[in-house]
Amino acid sequence: MLYTHARLATFAAPGRYGLVEDGALAVEGERIAWAGPLAELPQAWRGQEAEDLGGRLVTPGLIDCHTHIVFGGHRADEFEMRLEGASYEEIARAGGGIGSTVRATRLASEDVLLEGALTRADALIGEGVTTLEIKSGYGLEAETELRMLRVARRIGELRPVTVRTSYLAAHAVPPEYSGRADAYIDEIVIPVMHEGRGLIDAVDGFCEGIAFDTAQIGRVFDAAASLGLPVKLHAEQLSHMGGAALAARHGALSADHLEHASAEDAAAMAAAGTVAVMLPGAYYTLRDTQAPPVQAFRDAGVPMAVATDCNPGSSPLASLLTAMNMACTLFRLTPEEALAGVTVHAAKALGLADRGTLAAGQRADLAVWDVETPAELAYRIGWNPLHARIHGGTKC
Ligand code: NIG
Ligand code: FE
């Protein structure tokens, strides 16, 4: 397939967005065979049947690198409680929060979980998402954690989207282990990681006062390393716990949230190649006031990704375009940083080198937009300009 007369945001060519005006893009099978200015299209492709995109923008297919879209129930009651003055941490300590979704998820069948998750996956796919990370973490016992991972994998079979799973049993201490976090890690988190190895692409954790400390997460990360699994971490969201530095020490793919991260954390992450994942949906929902240290990440050269964090509590957001808008308005990312954050840097946050840019050899995961300039993608709110979506070379 050959696409012509497209504006290409390649993130591979030099300049802002790696923009190529009046570009062409050739696809062979699942891969991009060639991308560049139409005037330079190699002879082999000339005269081939082509789809004229009429000047539309083509970007790499979007990548949502941090979601919790598999869950039971909802938490609208907690939304009301927070509006009446309760904080996220107070609700969590009183047995609500993640604990409330754990109760609902344990009770939900695989089909019920799948049905709910598909509606959220479809919303993301409808905005040009072609790769989607999905976490477990609302089971906190073997059966439900594995059920969540199976549901996540089924989404990738049922929909034209690549799913990457993260095992997040170290999300909260379940009620049956109340006050015994270390035992929970030894008896559940690590053994279930071994049991579910074939369903897991990466291991995640929540390093926070209401969850696990750095020593506990360190043990989870050591277990992941022994299985050859990469790690990532919810770090420095509500307080500074040392999670970002821990993630960097373990060569984590990403550290996520990071509202309370420091310039030292940024330096450690840069040295380790750990991506900083910005989750403005959670910042917005919790009415946080401390934004992540974006300038420190820029200064240190830490790649920044942007994700929805779609979950029933802190970020009931199933729109990656809206997350891009929030990252710009709330965190002052540039529209170019926001688009890099859902393409090239999001791919890095998942350890995927074969996508996120438009270049020969990359997967042909593309989004075609009815916009003139790439900044338009982050600029509008609730306004989806997707024209077409191509997953592994197939329009769908
Ligand atoms: O990424 N920070 C921890 N985990 C989720 C919230 C999950 C929930 O509240 O259900 C997050 O924000
Ligand atoms: Fe999260």
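Among the residues of the stretch 6-43, those that are outside any strand (DSSP E or B), open to solvent by less than 80 Å² (accessible area, probe 1.4 Å) and either within 17 Å of V371 (Cα to Cα) or of a type in the set (G, A, S) (or both) comprise T10, A12, A13, G15, Y17, G18, G29. Restricting A104, A50, A123 to those that are more than 16 Å from ligand 2 (Cβ to nearest atom), free of Cβ contacts under 8 Å to residues at least 40 places away in the same chain and among the hydrophobic types (A, V, I, L, M, F, W, C) reduces the list to A104. Of the candidates F212, F221, the single residue that is within 13 Å of ligand 1 (Cβ to nearest atom), under 27 Å from E145 (Cα atoms), at pLDDT 95 or above and crowded, with 23+ Cβ neighbours inside 10 Å is F212.
The rows are residues; the columns are (1) open to solvent by less than 10 Å² (accessible area, probe 1.4 Å); (2) acidic (D, E); (3) without any contact (Cβ under 8 Å) to a residue 60 or more places away in the chain.
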residue	(1), (2), (3)
K135	yes, no, no
A142	no, no, yes
E145	yes, yes, yes
R153	no, no, yes
R180	no, no, yes
I185	yes, no, yes
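Across the stretch 264-275, not a single residue is classified as touching a Leu at 6+ places or on another chain (Cβ under 6 Å), within 16 Å of ligand 1 (Cβ to nearest atom) and not basic (K, R).
Do we have any residue at all in the stretch 280-288 that's out of contact with any Asp or Glu (no Cβ under 8 Å at 6 or more places or on another chain), within 16 Å of ligand 2 (Cβ to nearest atom), open to solvent by 10 Å² or more (accessible area, probe 1.4 Å) and part of a helix (DSSP H, G or I)? Yes, the conditions are met somewhere in the stretch 280-288.
Can you name the helices (runs of 4 or more DSSP H) wholly within the stretch 51-154 that have at least 1 residues being among the aromatic types (F, W, Y) and in contact with a helix residue (DSSP H, G or I) (Cβ under 9 Å, 6 or more places away or on another chain)?
Values: elements: 76-83, 88-93, 98-107, 110-125.
Where helices (runs of 4 or more DSSP H) fall fully within the stretch 51-154 and carry at least 1 residues being among the aromatic types (F, W, Y) and in contact with a helix residue (DSSP H, G or I) (Cβ under 9 Å, 6 or more places away or on another chain), they are 76-83, 88-93.
Answer with yes or no whether R154 is in contact with an Asp or Glu (Cβ under 6 Å, 6 or more places away or on another chain), more than 16 Å from ligand 2 (Cβ to nearest atom) and over 20 Å from A307 (Cα atoms). Spelling it out, it is not the case that R154 is in contact with an Asp or Glu (Cβ under 6 Å, 6 or more places away or on another chain), more than 16 Å from ligand 2 (Cβ to nearest atom) and over 20 Å from A307 (Cα atoms).
Suppose we filter the stretch 51-71 for residues that are more than 30 Å from L8 (Cα to Cα), of a type outside the set (A, V, I, L, M) and open to solvent by less than 10 Å² (accessible area, probe 1.4 Å); how many remain? The qualifying residues number 1. Only residues that are surrounded by fewer than 20 Cβ atoms within 10 Å (Cβ to Cβ) and in contact with a Gly (Cβ under 7 Å, 6 or more places away or on another chain) were counted across the stretch 187-209, and they come to 0. Within the stretch 117-130, the set of residues being within 23 Å of A169 (Cβ to Cβ) and open to solvent by less than 20 Å² (accessible area, probe 1.4 Å) comprises A117, A121. Of the residues contained in the stretch 88-103, none is found to be touching a strand residue (DSSP E or B) at 6+ places or on another chain (Cβ under 6 Å) and open to solvent by 10 Å² or more (accessible area, probe 1.4 Å). Here G128, G97 are screened, and the one residue that is out of contact with any Lys or Arg (no Cβ under 6 Å at 6 or more places or on another chain), over 17 Å from E157 (Cα atoms) and either modelled with pLDDT of 95 or more or within 13 Å of ligand 1 (Cβ to nearest atom) (or both) is G97.
With the structure loaded, tell me whether G313 is within 15 Å of ligand 2 (Cβ to nearest atom) and buried (at least 21 other Cβ atoms within 10 Å of the Cβ) or whether it fails that test. When the stated conditions are applied, G313 passes them.
The values are calculated or read from the model by the stated rules, or taken from the named source; none is laboratory data. Note that the coordinates shown come from a computational prediction; the quantities given were computed from them, not determined experimentally. All Cβ positions, glycine included, derive from the backbone under ideal geometry; neighbour counts span all protein chains shown. Ligands, DNA and RNA are stripped out before the accessible areas are found, and what is left, the full protein with its side chains, is counted by its heavy atoms. Shrake-Rupley method; radii C 1.70, N 1.55, O 1.52, S 1.80 Å.
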